[in-house]
Amino acid sequence: MSTAKNVRPEPGAETSGDSYLPGHGNGGYRVRHYDLELDYRIGPNRLSGRARITALATQALSRFSLDLSGFTVRRVLVDGRPAKFGRSGLKLRITPARPVAADAEFIVEVRYVGNPRPVGGRWGDIGWDELTDGALVASQPVGAPSWFPCNDHPADKAAYRVAVTTSSPYTVLVTGKLVSRRRAASTTTWVYERTEPTSTYLMGVQIGQYDEVELDGGGVLQRAAVPGRLRRLFTADFGRHGAIMAALQRYFGPYPFDEYVVVVADDELDDPIEAQGMSVFGANHVDGRRTHERLAVHELAHQWFGNSLSVADWRHIWLNEGFATYAEWLWSEESGGERAGAHARRWHSLLAGAPADLRIADPGVAAMFDERVYKRGALTLHALRGRLGDEVFFALLREWTSRHRHGTVTTRQFVTLAEQSAGESLTGFFAGWLDEARLPEPPRH
């Protein structure tokens, strides 16, 4: 193995070009498929991995990099040949034995071992995390390198095969379709495939001792993994999930994946976790009184907004969070609670008392998850609904999710489609709601 100082990347190869998180993601290639073989020992928190990454070079590559945090890398192959490699912070720098030609497909194999730890940063610890009895992955926005080498940018969406071997008493859930389960003497290997293009931060692994629970699907296969002690409370809290699924499909169009999986960890979590086709809640989100039902709606809405439609750059985060927040208001209206207009008026009043120093079309990296991005994003949609009328507005949302299904999106694309739906320029409208820090007048409906 070479040292990091002897393995230099191509110019620009160690950045995705993301305006907020340029250090995550890499240039020079696009990943098509990840094949991960993971052996996890729960007690010592020990992970041995083999990652086989199929990628397409977008330029000639004599060197390139992957994102990986921690671990000891034991071997790297490129197209079956040993490659030189070194480490520098988050980057695994690789020099293949033969340069990769532009437009050529190539395969990188990385063998690694260690104790997975979350990636630290401005949002706390993000990524692979130990539970009291098991493990979970919460990767938004920078945690994917905590458990596999990757091109960690939301716009580089790929397919996956993930095999996890661990102690047999434990259930393993990975975002994807379970295609096989093989039991050995004391371990079981669970194999999942995710065929839809998926961002790295939306891949998750959840390991625990769970009961399997079938959910009312609302026309979609839905299931859950829940600690036995919480099963009764969970059944009450998620008893309307089929109706929620049916309602969101009317608003947003067909559910974009084959199934939806809910996991309840047997530990408390600060916030629920979104993954592709999966949401993870803490034990503190289950109380039998539907106290946190709005969070269930929010996470389900992310399957359309954030997962199927992923941001091309993190500055467009309102396209994830504003839409998911507005879904909460729509469900409230649908289920006999406060109407969306009441939520809009209350939040407009609260935001009017907050500092006017944030533009939600470009909030800045420090404010990516600021509550104002969520609530003002939802207010923008409610104001647009009033401007267009319900028929045109909901047709716009369904066209938005259909046109960009399993793709990447930007604010400009949404504005353009909204203007096409309206049949007029909406430049002034969107400038006021998205581009200016001053809060516009409240929606009138």
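Nothing in this text is a laboratory measurement; each read-out follows from the coordinates by a stated rule. Predicted, not measured: the structure shown is a model, and the values here were computed from it. Methodologically, a virtual Cβ is constructed for each residue, glycine included, from the backbone with ideal geometry; neighbour enumeration extends over all protein chains shown.
Pick from THR427, THR188, THR198 the residue whose mean-square fluctuation is largest in a GNM of the chain, springs joining Cα atoms under 10 Å.
Of the options given, THR427 has the highest mean-square fluctuation.
Per 0.36 nm of contour for each residue apart, how much would the distance between GLU436 and ARG41 grow if the chain were fully extended, relative to their Cα-Cα spacing? Numbers along the way, then the final one.
On the way: separation 395, 0.36 × 395 = 142.20 nm, distance 5.07 nm.
Gain in length upon complete extension: 137.1 nm.
Take LEU350 and GLU259, extend 7 Å from each Cα along the Cα→Cβ direction, and tell me the distance between the two endpoints in nm.
3.6
Can you give me the Cα centroid spacing of the range 19-66 and the range 340-407 in angstrom?
With the range 19-66 and the range 340-407 each reduced to a Cα centre, they are spaced 34 Å.
Suppose the chain between GLU391 and THR235 were pulled fully straight at 0.36 nm per residue; how much longer would it get relative to their current alpha carbon spacing? It would help to have the intermediate numbers written out before the result.
Details: separation 156, 0.36 × 156 = 56.16 nm, distance 3.45 nm.
Result for the pair: 52.7 nm of gain on full extension.
When the chain is fully extended, how far beyond the present Cα-Cα distance does ASP287 get from SER167, taking 0.36 nm per residue of separation? Mind dumping the intermediate values first?
Numbers: separation 120, 0.36 × 120 = 43.20 nm, distance 2.96 nm.
Net length gain for the segment: 40.2 nm.
Given R₀ = 22 Å, FRET efficiency for ASP79-THR58 by Cβ-Cβ distance, to 0.05?
Values: r = 17 Å, r/R0 = 0.77.
Efficiency at R0 = 22 Å is approximately 0.85.
Relative to the first principal axis of the alpha-carbon coordinates of the chain, what is the inclination of helix 318-334, with its axis defined by its Cα atoms, in degrees from 0 to 90 and to the nearest 10?
The helix 318-334 is inclined about 50 degrees to the chain.
Using only Cα atoms, tell me the angle between helix 371-388 and the longest principal axis of the chain; keep it within 0 to 90° and round to the nearest 10.
50
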